Amino acid sequence: MKFLRSPAFQIALASLSFLPLQACVTDDQQAAQETIIAKSEAEDMSLPPEATADLQSENVTNSVIKDKIPALTPDDIEADNDPMKIGFETARWDLSETARERILAVAEKLKNDPEETLKIDGHCDERGSDSYNQELSNKRAGAVQKELIRLGISKKRLKAEGYGRSRLLVKGHSEKVYSHNRRVEMIFANK
């Protein structure tokens, strides 16, 4: 029966959650599957051993696991993306140091090509109302636009627009997924 506790078996068991039999699963079974998935997500995030020690107990809940997962910062988010994307913390539109460095690089490219224009697309994760996310994505795009203007780029060359949660980059319901959707994308638009 030891194989029932092996990580490979647990992950395989969790992957069966999409089957139509899911409707027959009890609350206890559902909680066990969610715990397995959360454990897998925690392992994917390469947490230090001390952060996952509690995961070894059999009665771990998702809230315990979420408490152990460190919050992602904008710099963590940006490290996974290309230099034309800027990440944001939840419900924030302020620019990190990495974001400012990326914007500076884009400003230099714009200064070197006076005909080039730039689209600045703001995005949010799926949490919150449509109106809230629309306003927040507008503020994110506006923050990037404001920084480019401060760096000497004419507002006429910039088009900032928020898309709320209408253009999710990644589907899912984890903090890692949410962090990838909280972004601004800068797109050279003239060529």
(message) Tally up the residues in region 174-191 that are among the hydrophobic types (A, V, I, L, M, F, W, C) and either touching a helix residue (DSSP H, G or I) at 6+ places or on another chain (Cβ under 6 Å) or over 15 Å from Asp82 (Cβ atoms) (or both), please.
(response) 4
(request) Quick one: in region 115-137, of everything that is of a type in the set (Gly, Ala, Ser) and free of Cβ contacts under 8 Å to residues at least 24 places away in the same chain, which residue is farthest from Leu158 (Cα to Cα)? (result) Ser129
(request) Any chance you could count how many residues in region 110-133 are surrounded by 14 or more Cβ atoms within 10 Å (Cβ to Cβ) and more than 20 Å from Ala99 (Cα to Cα)? (result) 6
(request) Count, please, the residues in region 134-173 that happen to be buried (at least 20 other Cβ atoms within 10 Å of the Cβ) and in a strand (DSSP E or B). (result) 3
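Hey, among the residues in region 106-133 that are part of a helix (DSSP H, G or I) and aliphatic (A, V, I, L, M), which one's farthest from Arg183 (Cα to Cα)? First the steps, then the outcome.
As a first pass, look at region 106-133 and keep what is part of a helix (DSSP H, G or I): 106-112, 130-133.
Next cut, aliphatic (A, V, I, L, M) only: 106-107, 110.
Values: Val106: 16, Ala107: 18, Leu110: 21 Å.
Ranking the qualifying residues of region 106-133, first place goes to Leu110.
Each reported figure results from applying straightforward, stated rules to the coordinates on display, with no laboratory input. Values in this document were obtained by computation on a predicted structure and should not be read as measured data. Cβ sites come from the backbone with ideal geometry, for glycine too, and all protein chains shown count toward neighbours.
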